[in-house]
Amino acid sequence: MREITSLIMQPFYLAPAMAYSVMTLILLLLPMPKGRVWHEYRKGYPYILAAFLVMLVLTGMHSITPPPESGASNLIVLMIAFYQAILFGMGMVKILQPQSRTKIFVIHLVVVGMATVAVIPVFLFGQQLLKDIFFWTYIAAYVGLIVYYTRVWSALWKRVVTQVDSYYDEDMKSRLKWLKRLMIAVMAVGVMALVTSIWISLTPIFVSTYTICYAYFLACIIRFTMTGDFLLKAVDDQAFAAPLQTDLPSEDTPKSTEQNAVQEQMQMMARESQLKLALDEWVATKQYADTERGVDEIARELGTNYAALRQYFQRHQGTTFRSWRTDLRLEEAKRLLVEEPNLSLNDIMDMVGFNDRGNFYRHFQKKVGCSPSAYRQGKR
């Protein structure tokens, strides 16, 4: 009966191995973007590829020799769960923060490998009590690993969101939703692995779940190579940590003579006059609708830097650059709602520079006092 069950399940175990073969081939052939901001990601890409190669080997072995109905099968499921958690963790870190070091993940891989080799003889030849002790110790270690990675991912996620929001000086969470969904999927697979290692009959569901999750991971990697510039610009160490120079004299600068003070004041007025002209041109060409450039990049295009731009808006506008830009976007949205009745609300949202429908509605409601659709209806 056991042989018949194994024969029936053979195609099922073979399907994930074939899927990983295809996914690994796609990763091998996937072209890497060029540019300085992609440098660290290209260095970390082999770690992601290694994750798929290891899972290909594990699922391949599983398809050739499905585990017997014994305690060893629980160990095999746990081993696969350990490796998928570590490799998923490494891959997520390399996407969220490519310059991060992965030494801790390598250490985890080595320790898990050594521990697995050490306990295999126990599961094959040991007493049942000893098997139970080792099994539940393994379970406890796995739970600890999942808790640790969840904390690492959460802290890293918050850091990345802060960096992206600060770099672009606007709410960019909607652009990162797919990464958050991926993290949730990874944690769900981890929990599923834990349950399956205890109730081994759920192995088919577990194998299907983590194969689907890896397929989604692959889709996210492909998407990242096409649209990840906005994230890498924000988290890049050199770009993000670059010191901002201010046009104003430092407090440590000796007091200037009256003549020098007048000259500095005139120079500052000239710079601000040039900045005003540059801003007028920036508004006229509707560059405020562009969400792909960070505020420091915009400042450089305007002939200044972020610190000076911020000070200009504080002195002359009584607001922040972010609020001023949002108002421009909302004014353009109001114009399009009235003058372009055939445009959908989503089209208008994209055209004026909002990344998220909820964010657009919230700002519009706060500024105008009604929803975009109500505003359009009221102007007819």
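Coordinate-derived values only; no laboratory data. Please read all numbers here as calculations on a predicted model, not as lab measurements. Glycine gets a Cβ as well: all are built from the backbone with ideal geometry, and neighbour counts include every protein chain shown.
Kindly write out, for segment 157-164 in residue order, the coupling ³J(HN,Hα) from the Karplus curve 6.51 cos²θ - 1.76 cosθ + 1.60 (θ = phi - 60°), rounded to whole Hz, with x marking Gly and Pro.
4, 4, 5, 5, 4, 4, 5, 5
Take Ile139, Ile221 and order them by how many other Cβ atoms sit within 10 Å, fewest up front. Could the numbers behind the result be given before it?
Values: Ile139 15, Ile221 22.
Ranked by crowding around the Cβ, least crowded first: Ile139, Ile221.
Based only on other Cβ atoms within 10 Å, what is the fewest-to-most ordering of Arg159, Arg310? Kindly include the intermediate steps, with their values, before the conclusion.
On the way: Arg159 13, Arg310 19.
Fewest-to-most ranking of Arg159, Arg310: Arg159, Arg310.
Can you tell me the FRET efficiency between Val143 and Leu28 if r is taken as the Cβ-Cβ distance and R0 is 30 Å, rounded to the nearest 0.05?
Working: r = 34 Å, r/R0 = 1.14.
Efficiency computed from Cβ-Cβ geometry: 0.30.
Going by the alpha-carbon gyration tensor, a ≥ b ≥ c the square roots of its eigenvalues, is segment 38-181 rounded (a/c under 1.5) or, if a/c is not under 1.5, prolate (a/b greater than b/c) versus oblate? Could the numbers behind the result be given before it?
Working: a/c = 2.82, a/b = 2.21, b/c = 1.28.
Because a/c hits 1.5 or more and a/b exceeds b/c, segment 38-181 counts as prolate.
Sketch the reach of a paramagnetic label on Arg42 as a point 7 Å from Cα along Cα-to-Cβ, and name the residues of segment 87-124 whose backbone nitrogen lies under 16 Å away.
Counting only backbone N, you get 98-99.
Over the chain, with a single point scatterer placed on each C-alpha, what log10 of the ratio I(q)/I(0) does the Debye formula yield at q = 0.10 1/Å?
-0.80
With 10 angstrom as the radius, rank Asp171, Asp350, Asp236, Asp280 by how many other C-beta atoms surround their C-beta, starting from the fewest. Mind showing how you got there, number by number?
Values: Asp171 19, Asp350 16, Asp236 22, Asp280 10.
The fewest-first ordering by Cβ neighbours comes to Asp280, Asp350, Asp171, Asp236.
So if we plug the beta-carbon distance of Asp229 and Leu124 into 1/(1 + (r/R0)^6) with R0 = 41 Å, what FRET efficiency do we get, rounded to 0.05?
Details: r = 51 Å, r/R0 = 1.25.
Efficiency at R0 = 41 Å is approximately 0.20.
What FRET efficiency do you get for Asp327 and Arg175 if R0 is 25 Å and r is their Cβ-Cβ distance, rounded to the nearest 0.05?
0.70
Give me a comma-separated list of calculated 3J(HN,Hα) values for segment 93-98, in order, Karplus coefficients 6.51, -1.76, 1.60 applied at θ = phi - 60°, integers in Hz, x for any Gly or Pro.
5, 5, 7, 6, 8, x
Helix-only mean residue ellipticity at 222 nm, the chain, DSSP H runs n ≥ 4 weighted -39,500 (n - 2.57), per residue, nearest 500. What is it?
Working: 16 runs with 293 residues, N = 380.
The per-residue figure over the chain is -26000 deg cm²/dmol.
Please identify, among Met18, Met114, Met351, the residue showing maximal mean-square fluctuation in a Gaussian network model of the chain using a 10 angstrom Cα cutoff.
Of Met18, Met114, Met351, the most mobile in the Gaussian network model is Met114.
Taking only C-alpha pairs under 8 Å that are 6+ residues apart, what is the relative contact order of the chain in percent?
On the way: 291 pairs, mean separation 58.1, N = 380.
Answer for the chain is 15 percent.
With every atom except the alpha carbons ignored, what do you get for Rg and Dmax of segment 271-378, in angstroms?
Cα radius of gyration and Dmax of segment 271-378 are 14.8, 44 Å respectively.
Quick one: Karplus J couplings for segment 47-56, per residue in order, coefficients 6.51, -1.76, 1.60, θ = phi - 60°, nearest Hz, x for Gly and Pro?
5, 5, 4, 4, 4, 6, 5, 5, 5, 5
According to a simple spin-label model (label point 7 Å from Cα along Cα-to-Cβ), what is the distance in nm between Gln317 and Ser208?
Placing both labels 7 Å along Cα→Cβ, they lie 5.4 nm apart.
If we sort 34-41, 90-97, 323-330 on the protection proxy, mean other Cβ atoms within 10 Å, highest first, what's the order?
Working: 34-41: 15.8, 90-97: 22.8, 323-330: 18.9.
Final packing ranking: 90-97, 323-330, 34-41.
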